[in-house]
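A short write-up of the structure that comes next.
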Amino acid sequence: MQTSFTPDQLRDPATARSNAILRACVHCGFCTATCPTYLLLGDELDSPRGRIYLIKDMLESGRPADAETVKHIDRCLSCLSCMTTCPSGVDYMHLLDHARDHIEQTYCRPFADRALRWLLARILPYPGRFRLALSAARLGRPLARLIPDARLRAMVALAPRVVPPVSPNDAPQVFAATGLRRRRVALMTGCAQKVLNTDINDATIRFLRRAGCDVVIVPDAGCCGALTLHMGKTDQARASAARAIRAFAAEHARAPLDAIVINTSGCGTTIKDYGHLFQDDPLAADAALVAGLAQDITELAVALDLPEGPVSGVRVAYHAACSLQHGQKLRSGPKALLQRAGFEVSEPTDPHLCCGSAGTYNLLQPEISVRLRDRKVQTLAALAPDVIATGNIGCMVQIASGGSIPVVHIVELLDWATGGPRPRAFVKQQP
């Protein structure tokens, strides 16, 4: 793609990087075939190629973002399916991050939008605040139909009926390996996940200890910054990420870590990208260190080479989270792990398509999100599984809200298969 940025514009490192990304695009349109919003809405501007044109025009002109551009950029899920498909290697993820930052800096959203985004950015990354918000949403559920804003109705609908109590395992501490010690790892406990579902971290700790890992819960790690980064709030995202980087780098300096384990794939995609996010920052070296140590729980489990489990007869429908298959390029490993553990595993039709969760997308774009969710739930249910497994809390909440089949994290099944308890969400009795 030909670009016409001025020399002054290209002195800005972010603009220079976006210019290189834009020039890699050859307009082939392969991305449109795998873009969920284009397949759903049929509008070229709701495809990666269309959005690239909008971003190019906005950045080249140096003008503030307009309402039309914002609408189509906001509709992007950041699922990154287009990057898996693109034969030219266009770095759409970082181009989109730049566009969202530009929108945040130059566009004045309607008051209701600004207020809602402000609220989400100041609640979701903070477990204490999020827990209180979920309790309030639960109380407001009987009045949900009277709420005029569809986004607020979606928030109430997605709130769990029961908020689990705080898990003591999420407090800073060290869990010693059981048996032969093979690795020393830190666990990113997350922010929203440990409020919505404490079973995931608990299962991860049990599984890793049984596999010979000392598991460190690092103090002051906090949120990774993914949720706010994808909302265009780059400064807030960088502040959260910097706190996490300092916490993990300090722990690694105290006693070397073999890995930083992440069991929320949306977080993992962002943490592995810290080197890019901080490339022009004094924290660059520590950011690259943390990014290099980051591993999804399934990635580490593959490296641990666990023994095969007996055939269980449990039918598992595997939903590949976009942040895992497209963001981190981890496609075959999670499915192979479940099969090796003894489960009968199958994938739905069009496994590359997003379920519609996408961080805060299901709260900010509820109509599109529900349509994508229903399509995904239908294809998963067609497999007649006993349980659905995935690697991201957002996907778990999203899919569970549209069906009756139990939805669990992959690590809960791996924990169960290697001697842990049966996942609580897996309520269907086996013969």
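The values are calculated or read from the model by the stated rules, or taken from the named source; none is laboratory data. Just so it is clear, the model here is predicted, and its values are computed rather than measured. All Cβ positions, glycine included, derive from the backbone under ideal geometry; neighbour counts span all protein chains shown. Quick note on the areas: whole protein, heavy atoms, side chains included, nothing else; ligands and nucleic acids left out. Shrake-Rupley method; radii C 1.70, N 1.55, O 1.52, S 1.80 Å.
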Tally of residues being part of a loop (DSSP other than H, G, I, E, B) and exposed (fewer than 13 other Cβ atoms within 10 Å of the Cβ) across segment 1-11: 4
Every pair of residues 6+ apart whose Cβ atoms lie under 7 Å, when the first sits in segment 59-72 and is touching a residue at least 24 places away in the same chain (Cβ under 8 Å) while the second is open to solvent by less than 60 Å² (accessible area, probe 1.4 Å) and part of a loop (DSSP other than H, G, I, E, B): GLU60/THR3; GLU60/PHE5; PRO64/TYR107; ALA65/TYR107; VAL70/TYR107
Condition broken by THR204, with the remaining ones in (1) at pLDDT 95 or above; (2) over 28 Å from ALA237 (Cβ atoms) satisfied: (2)
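Determine, yes or no, whether HIS319 is of a type outside the set (A, V, I, L, M) and touching a Leu at 6+ places or on another chain (Cβ under 7 Å). I'd like the intermediate steps shown before the answer.
On the way: of a type outside the set (A, V, I, L, M): yes; touching a Leu at 6+ places or on another chain (Cβ under 7 Å): yes.
So HIS319 passes the test.
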Close pairs from segment 78-100: first on the phi > 0 side of the Ramachandran plot, partner of a type in the set (Gly, Ala, Ser), Cβ under 8 Å, at least 6 apart: SER78/ALA358; SER78/GLY359; LEU80/SER323; LEU80/GLY327; GLY89/ALA24
Elements of type helices (runs of 4 or more DSSP H) contained in segment 105-160, each with 3 or more residues being open to solvent by 40 Å² or more (accessible area, probe 1.4 Å) and touching a residue at least 40 places away in the same chain (Cβ under 8 Å): 150-158
Subset of segment 27-41 that is within 21 Å of the chain's Cα centre (by Cα) and of a type in the set (A, V, I, L, M, F, W, C) - its residue that is nearest to ARG75 (Cα to Cα): CYS35
Members of segment 374-431 that are assigned to a helix (DSSP H, G or I), within 17 Å of the chain's Cα centre (by Cα) and closer than 22 Å to GLN295 by Cβ: ILE393, GLY394, CYS395, MET396, ILE410, VAL411
Tabulated pairs, segment 362-381, first open to solvent by 20 Å² or more (accessible area, probe 1.4 Å), second among the hydroxyl-bearing types (Ser, Thr, Tyr), C-beta under 6 angstrom, 6+ apart or interchain: THR379/THR349
Where a residue in segment 414-431 is closer than 18 Å to PRO334 by Cβ and open to solvent by 50 Å² or more (accessible area, probe 1.4 Å) and its partner, wherever it lies, is among the aromatic types (Phe, Trp, Tyr) and at pLDDT 95 or above, with Cβ under 9 Å and at least six apart: THR418/PHE207
PRO348 vs. criteria buried (at least 21 other Cβ atoms within 10 Å of the Cβ) and at pLDDT 95 or above: yes
Answer residue from segment 282-314, given it is at pLDDT 95 or above and among the acidic types (Asp, Glu) and is nearest to GLY359 (Cα to Cα) among those: ASP296
In segment 191-235, the residues that are free of Cβ contacts under 8 Å to residues at least 40 places away in the same chain, among the hydrophobic types (A, V, I, L, M, F, W, C) and touching a Phe, Trp or Tyr at 6+ places or on another chain (Cβ under 6 Å): ILE205
